[in-house]
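Peer 1: After the structure tokens below, expect a handful of questions from me.
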Amino acid sequence: MKCQVKVKAYAPGRVNIIGEHTDYNQGYVLPMAVNMGILLTAQKRRDKLVNIYANNLDQRASFSLNKLAPGKSKNWPDYIAGICWALQEEGYKLSGADLDFGGNIPIAAGLSSSAALEVAAAAAFSYLNGLNIPEKKLALLSQKAENEYIGVRCGIMDQFASALSIKDCALFLDCRSLEYEHIPLDLGEHVFMIIDSRIKRSLAASAYNRRREECAEALTMINKSTGLQKISLREVSLQEIEKARPFMLPELYNRACFVIKENKRVLDAVKAFKHGDLQACGSLINQSHEGLRRLYEVSCKEVDMIVDAAQSFRGVLGARMTGAGFGGCVVALVRRERVEKLQERILEKTRVTSAKEPHFYITDPADGLKVTEVFTMGSP
Ligand code: GLA
């Protein structure tokens, strides 16, 4: 009887503590993995076929590794096909596989369920084909799949957090050098609460891509009007942007201003977490939301209402929208003993405004990608 190798790859979702819309401006981010994820099991085939079963949806899909081409469609099998495409584009030789996967990350809520699926699939194909691809590269290949195969021009934060986070720590990432540091989060009496507004804006992907263009346009204007030659907003100071201000469209000035300040907030938050100054972290988190709402304009009224309710609640140190925005989740740093009361307060508020009833999650900073080999007995 032959022994067959199966691999199990688990990749978590992430919540971003601070550093929003900074990754594609070569800036800093501070996400952490959440305790919700995708578990994918895969077994190698001898041909070029990939068969997938999605547990949660009870749906199947198949494709051939010989026929992959970016199509800008966002159905769930495309995320796995995109990974295979990105691996093959990089020159890796792949065999087909039988896969199944399932998970508990709310879909399209801004907690990176797609990044988790990509990272888990990339790790599984790497393992089954003996490619030994390091986590950093798995994250980059997953981003490439999302950018070029799916057509969402995301930065590197989500895939990186899913692949490289460790328990009890946030991941401080420099998105230019890709150097990173695990920052221990000593939260004491506090926890991170995630509040899913359950609002999903249908044009979120195009609005996100538009923000990226605006940042590029803002940079061009700054360089043109000041004679500087900066290659990203990450390198622009507040003094420099003030010089360029008279030549900039107010909207673009606001976008750039937010990015510059948000980068600084990430650095300050890292310092504050290292010193155990949760009060300071909370205040930076609040400032981040204010900027996302007024300058970057990626929040929405339902999310603002949850943030306002949280920020004004005793026991909450800070609250902000998290992820790309346009709906999605809020993250709050809250005293553990106040969690239930906060939940009640937010539910009350949403009932009065007849917004959708939010969902609540409490999460500790969790481990990133885990790959385990499993042996099964095949037929004789
Ligand atoms: C999405 C993208 C990330 C990042 C955030 C905003 O989650 O996938 O790369 O840009 O939005 O911070």
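Peer 1: Within region 137-148, restricting attention to residues that are modelled with pLDDT of 95 or more and not charged (D, E, K, R), which residue is nearest to the ligand (Cβ to nearest atom)?
Peer 2: Step by step, filter region 137-148, then rank; the result is GLN143.
Peer 1: Shifting gears a bit: If you take the residues of region 339-357 that are of a type outside the set (A, V, I, L, M) and out of contact with any Lys or Arg (no Cβ under 9 Å at 6 or more places or on another chain), which of them is nearest to GLU189 (Cα to Cα)? Explain how you work it out, then say what you get.
Peer 2: Step one: of region 339-357, the residues of a type outside the set (A, V, I, L, M) are 340-341, 343-345, 348-351, 353-354, 356-357.
This time we only want the ones that are out of contact with any Lys or Arg (no Cβ under 9 Å at 6 or more places or on another chain), so: 340, 343-345, 348-349, 351, 354.
On the way: GLU340: 14, GLN343: 17, GLU344: 20, ARG345: 20, GLU348: 25, LYS349: 26, ARG351: 29, SER354: 32 Å.
Selected residue: GLU340.
Peer 1: Just to be sure before I move on: is LYS200 under 30 Å from GLU348 (Cα atoms) and either away from the ligand (no atom under 15 Å from the Cβ) or surrounded by fewer than 24 Cβ atoms within 10 Å (Cβ to Cβ) (or both) in the structure I sent? Working first, answer last.
Peer 2: Numbers: under 30 Å from GLU348 (Cα atoms): yes; either away from the ligand (no atom under 15 Å from the Cβ) or surrounded by fewer than 24 Cβ atoms within 10 Å (Cβ to Cβ) (or both): yes.
It is true that LYS200 is under 30 Å from GLU348 (Cα atoms) and either away from the ligand (no atom under 15 Å from the Cβ) or surrounded by fewer than 24 Cβ atoms within 10 Å (Cβ to Cβ) (or both).
Peer 1: Just to confirm my filter: which helices (runs of 4 or more DSSP H) fall fully inside region 210-323 and include at least 3 residues that are of a type in the set (A, V, I, L, M), in the same structural domain as LEU342 (by TED's automatic domain parsing) and within 29 Å of LEU187 (Cβ to Cβ)? Break it down into steps so the answer makes sense when it comes.
Peer 2: On the way: elements: 238-244, 250-274, 278-294, 301-311.
Qualifying helices (runs of 4 or more DSSP H): 250-274, 278-294, 301-311.
Peer 1: Mind checking which residues of region 154-194 are farther than 28 Å from SER232 by Cβ and either in a strand (DSSP E or B) or hydroxyl-bearing (Ser, Thr, Tyr) (or both)?
Peer 2: Across region 154-194, the qualifying residues are PRO184, HIS190, VAL191, PHE192, MET193, ILE194.
Peer 1: Could you tell me which of the residues ASN35, ASN56, ASN75 is within 18 Å of ALA115 (Cβ to Cβ), more than 16 Å from the ligand (Cβ to nearest atom) and at pLDDT below 95?
Peer 2: Details: ASN35 fails: at pLDDT below 95; ASN56 fails: at pLDDT below 95.
Just one listed residue meets the conditions, ASN75.
Peer 1: Which residue pairs have Cβ atoms under 8 Å apart, sit 6 or more places apart or on different chains, and have a first residue in region 155-171 that is farther than 24 Å from TYR208 by Cα and touching a residue at least 12 places away in the same chain (Cβ under 8 Å) and a second that is more than 9 Å from the ligand (Cβ to nearest atom) and part of a helix (DSSP H, G or I)?
Peer 2: As it stands, the answer is LEU164/GLU135; LEU164/LYS136; LEU164/ALA139; ALA170/PHE273, since those pairs meet every condition given.
The values are calculated or read from the model by the stated rules, or taken from the named source; none is laboratory data. Bear in mind the structure is a predicted one, so any value in this text is a computation, not a measurement. We place every Cβ from the backbone using ideal geometry, glycine too, and count neighbours over all the protein chains shown.
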